[in-house]
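**Student:** Submitted below is the structure of interest, expressed as structure tokens.
The values are calculated or read from the model by the stated rules, or taken from the named source; none is laboratory data. For clarity, every value in this text was computed on a predicted model and none was experimentally measured. Cβ sites come from the backbone with ideal geometry, for glycine too, and all protein chains shown count toward neighbours. SASA here: full protein model, heavy atoms, side chains in, ligands and nucleic acids out. Shrake-Rupley method; radii C 1.70, N 1.55, O 1.52, S 1.80 Å.
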Amino acid sequence: MDSEMRKIIDGKSIAAQIVSETAKEIEVFSKGSRVPHLAVIISGDDSASRIYVRNKIKTAEKCGIKSELITLPDDIKEIELFRRLNKLNNDINIDGILVQLPLPSHIDPKKAINQISPYKDVDGFHPYNLGRILEGDPLFVPCTPLGIIELIKRYDVDTTGKNVVIIGRSIIVGKPIAMLLADKSENGNATVTICHSKTRDIKKILETADIIVCAVGKAEMLTGDMVKPGVVVIDVGINRVKDVTKKKGYRLVGDVDFESVSKKASLITPVPGGVGPMTVAMLMRNTLKAARLKCKK
Ligand code: BQF
């Protein structure tokens, strides 16, 4: 493998490895108990969401996780969605519950997530689970931050005392990954800066960055002139850009301009095939964890 290939983080193959490790663990677990069971709720016809849900169910199958897809009409009443969630919470045969976001605009996603039992919350979006990250004693960590930590671990990226700059402050990625990397833990102990749309002089801040996590949802916003040589770059973005040469009429790009940034980075995640597959792999781990949790109760 030449050096240009070595520096591209292969999220796809690490994720496949994790899926096969998890499948083995589930095989053992299932013998003493039963197959872990995941419920996935989707409402609305967001085309990206449908692809994501299909990925998750296919991957669950590979792991030996039983999954149940619940497709609700996009004009579903909030109260009806809550009733469904409550039923799943009380169903002893369900280990993990996931509500695919975005929900239709008339439903408040925070209220919906609040209805999920924190012990079945395999996406880790419930305030209880987010609070446990703040406490430094996480239970369910959101899958994307968890996947990023796992990539950092498997690529032996040392975070102790390093300057990490996170671009994006979302509750699903930016804020949890910031906490995890700053935590007193094996893959933490970093000095973390969170940047966002109101940050002044982001270029000045990026000059200090040993590691950059880019999670803003703006196609190719991070360019080579903004990073220092040797930087480790984690690209969380998945953006569709028009491309008439493609069958679908679009292609996927990250928040990072791969072409220019990869020339300066020592390690970089591609899009697709970087963080994305890791997100799905971590969902499998969280589902097994939920099944194990239930056994203890
Ligand atoms: C890849 C997601 C934004 C908003 C809601 C593999 C996925 C994506 C990319 C995937 C994502 C992103 C998911 C690749 C699930 C990750 O090869 O690069 C897998 O399925 N994801 C989601 O469920 O909701 C999202 C991103």
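**Student:** Would you pick out the residues in the range 22-36 that are outside any helix (DSSP H, G or I) and not aliphatic (A, V, I, L, M)? Quick ask: steps written out before the conclusion?
**Tutor:** The initial filter retains those residues of the range 22-36 that are outside any helix (DSSP H, G or I), namely 33-36.
Matches in the range 22-36: SER33, ARG34, PRO36.
**Student:** I would also like to ask the following. If a residue counts only when it is away from the ligand (no atom under 16 Å from the Cβ) and within 27 Å of VAL271 (Cα to Cα), which helices (runs of 4 or more DSSP H) contained entirely in the range 120-192 have at least 3 such residues?
**Tutor:** Working: elements: 127-134, 143-154, 174-182.
Filter on the range 120-192 gives 143-154, 174-182.
**Student:** For residues that are closer than 29 Å to PRO176 by Cβ and assigned to a strand (DSSP E or B), scanning just the range 236-249, find the one that is most open to solvent (accessible area, probe 1.4 Å).
**Tutor:** Residue satisfying both the conditions and the ranking: ARG240.
**Student:** When both residues are 6+ apart or on different chains and their Cβ atoms are under 8 Å apart, which pairs have a first residue that lies in the range 49-66 and is of a type in the set (Ser, Thr, Tyr), and a second that is open to solvent by 30 Å² or more (accessible area, probe 1.4 Å)?
**Tutor:** SER49/LEU101; SER49/PRO102
**Student:** Check GLU78, GLU27, GLU4, GLU21 and return the single one that is of a type in the set (D, E, K, R), open to solvent by 10 Å² or more (accessible area, probe 1.4 Å), away from the ligand (no atom under 16 Å from the Cβ) and in contact with a Gly (Cβ under 7 Å, 6 or more places away or on another chain).
**Tutor:** The conditions single out GLU27.
**Student:** I'd like the full set of residues that are closer than 19 Å to LYS7 by Cβ, open to solvent by 20 Å² or more (accessible area, probe 1.4 Å) and out of contact with any helix residue (DSSP H, G or I) (no Cβ under 6 Å at 6 or more places or on another chain), limited to the range 250-262. Break it down into steps so the answer makes sense when it comes.
**Tutor:** Keep residues of the range 250-262 that are closer than 19 Å to LYS7 by Cβ, which gives 253-262.
When the remaining residues are screened for being open to solvent by 20 Å² or more (accessible area, probe 1.4 Å), the result is 257-260.
Once the filter is applied, which keeps residues that are closer than 19 Å to LYS7 by Cβ, open to solvent by 20 Å² or more (accessible area, probe 1.4 Å) and out of contact with any helix residue (DSSP H, G or I) (no Cβ under 6 Å at 6 or more places or on another chain), the range 250-262 yields ASP257, PHE258, GLU259.
**Student:** Let me ask another. With the condition kept exactly as written, say whether any residue in the range 250-261 is within 16 Å of the ligand (Cβ to nearest atom), in contact (Cβ under 8 Å) with a residue 12 or more places away in the chain and touching a Phe, Trp or Tyr at 6+ places or on another chain (Cβ under 9 Å). It would help to see each step written out before you state the result.
**Tutor:** Residues of the range 250-261 that are within 16 Å of the ligand (Cβ to nearest atom), as a first pass: 250-256, 258.
Within this subset, residues satisfying the condition of being in contact (Cβ under 8 Å) with a residue 12 or more places away in the chain are 252-256, 258.
Filter again for touching a Phe, Trp or Tyr at 6+ places or on another chain (Cβ under 9 Å), leaving none.
No, the range 250-261 contains no residue that is within 16 Å of the ligand (Cβ to nearest atom), in contact (Cβ under 8 Å) with a residue 12 or more places away in the chain and touching a Phe, Trp or Tyr at 6+ places or on another chain (Cβ under 9 Å).
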